[in-house]
């Protein structure tokens, strides 16, 4: 054993603790390197932290970024009014256009009724050209529109949800399918994604179609169907549809938030509601 | 309680979609060919032993040589579909795999049954060879004229939709 070997033995004896400590550090560095270099290991360590931070960030948005966003939007609206109007026009424009058209028609009907003299002549002329008696035409004018049949239809499938009818006509399920097919065809053919077919006219009857998100209603009307009648009918439809939505809570409320599962209204209940809403209604 | 289900019948021109429906709904057949324009709706209520009934609302869509050209709104809310081809006209089944791929993309998760129609016009042995040669998989081989397997095909669809 030479001096070098002896020195090694002494080093071994003297630095045992240090060596163990160094070995432990090396092991930890190796583990850390492995964690950093392996994607899955790293993500298992880092993901919960990021998620937590993100959650905190999301929660703090209203207080931290909210005022800045509001101010930016306010500034954008102030400085780029035209662009904002452009963006909103397709939505608001259509609503306004429809409202104005309806109001203009109402105004025109009002003016028509006020010009008694003109309307008398109108009837005379109508009688002259149509070959009908003046009395007949006057009676026609006085008669009010009547609701003959109401169908509540699923918008996509055309499946009949419920119906009300004064007299039994041809198969309502087939009529619902056919109306849906016509509606789909017209809306697709004219490529008007946000507009929907509203009225189908045939000799003695008119079918008013009122679309909602998941369903639409088809109301068959006989007699003269003017704007006044249309407004009254729309009110009836909207009132009924609100009640229908309330009956089917799952259409408006997300189920998981409810403790008990709410039962959908059955066909009979909806049909009873349809009959009471439209049965004796005057439009 | 009666359930209502929308079923669409698709396929090329003149494969016998309307005739199949007429056979199933009215149990009748006509040799005169009248092209379907747009869509024609029929209905048949099917009963099961359990007392349950299904109202099958059948949407007979106009035939098209290119299945991609079918108006998508007609397919919305579909519960079940048939794809019909004419076993005598290879042009109606030559691209069947592509056609079926298009349909499953347009109507994902909708049960689809494949029908080879007009089997009365072809010899059974020749038909077997033809189907094997073209590697065509089908669910039913029917004849709207004789009524062969027509009811079975529609009842199979009703059964599929009963519990859906």
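Numbers at a glance
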read-out: Scope the range B:75-103; condition part of a loop (DSSP other than H, G, I, E, B), within 14 Å of another protein chain (Cβ to nearest Cβ) and touching a helix residue (DSSP H, G or I) at 6+ places or on another chain (Cβ under 6 Å); matching residues; value: B:79
read-out: Selection count, the range B:32-61, where residues are in contact (Cβ under 8 Å) with a residue 40 or more places away in the chain and out of contact with any strand residue (DSSP E or B) (no Cβ under 7 Å at 6 or more places or on another chain); value: 2
read-out: Scope the range B:4-37; condition out of contact with any helix residue (DSSP H, G or I) (no Cβ under 8 Å at 6 or more places or on another chain) and within 14 Å of chain A (Cβ to nearest Cβ); matching residues; value: B:21, B:25, B:26, B:37
read-out: Any pair with Cβ under 9 angstrom, 6 or more apart, that starts in the range A:51-79 at a residue that is touching a residue at least 12 places away in the same chain (Cβ under 8 Å) and ends at one that is surrounded by fewer than 10 Cβ atoms within 10 Å (Cβ to Cβ); value: none
read-out: Test result for residue A:49, at pLDDT 80 or above and loosely packed, with under 11 Cβ neighbours inside 10 Å; value: yes
read-out: Residue in the range B:50-73 that is within 14 Å of chain A (Cβ to nearest Cβ), within 14 Å of the chain's Cα centre (by Cα) and more than 27 Å from residue B:136 (Cβ to Cβ) present; value: yes
read-out: Filtered residues of the range B:74-88 (kept if touching a residue at least 40 places away in the same chain (Cβ under 8 Å) and more than 16 Å from the chain's Cα centre (by Cα)); value: B:77
read-out: Tally of residues being touching a helix residue (DSSP H, G or I) at 6+ places or on another chain (Cβ under 9 Å) and part of a helix (DSSP H, G or I) across the range B:105-121; value: 2
read-out: Per-region count, the range A:165-209, residues surrounded by 15 or more Cβ atoms within 10 Å (Cβ to Cβ), away from every other protein chain (no Cβ under 14 Å) and closer than 18 Å to residue B:2 by Cβ; value: 1
read-out: Number of the condition not met by residue A:156 [criteria: (1) outside any strand (DSSP E or B); (2) away from chain B (no Cβ under 12 Å)]; value: (2)
read-out: Qualifying positions in the range A:212-244 - closer than 15 Å to residue A:183 by Cβ and either surrounded by 15 or more Cβ atoms within 10 Å (Cβ to Cβ) or outside the structural domain of residue A:150 (by TED's automatic domain parsing) (or both); value: A:212, A:215, A:216, A:217, A:218, A:219, A:220
read-out: Counted residues, the range B:122-164 - those being assigned to a loop (DSSP other than H, G, I, E, B) and closer than 22 Å to residue B:97 by Cβ; value: 8
read-out: Every residue from the range A:185-230 that is more than 17 Å from residue A:150 (Cβ to Cβ) and assigned to a helix (DSSP H, G or I); value: A:185, A:186, A:187, A:188, A:189, A:227, A:228
read-out: Residue B:103 being modelled with pLDDT under 90, surrounded by 14 or more Cβ atoms within 10 Å (Cβ to Cβ) and more than 24 Å from residue B:46 (Cα to Cα); value: no
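The values are calculated or read from the model by the stated rules, or taken from the named source; none is laboratory data. This structure is a prediction, so every number in the text was calculated from the model and none was measured. With ideal geometry, Cβ positions are generated from the backbone for all residues, glycine too; neighbour counts draw on all protein chains shown.
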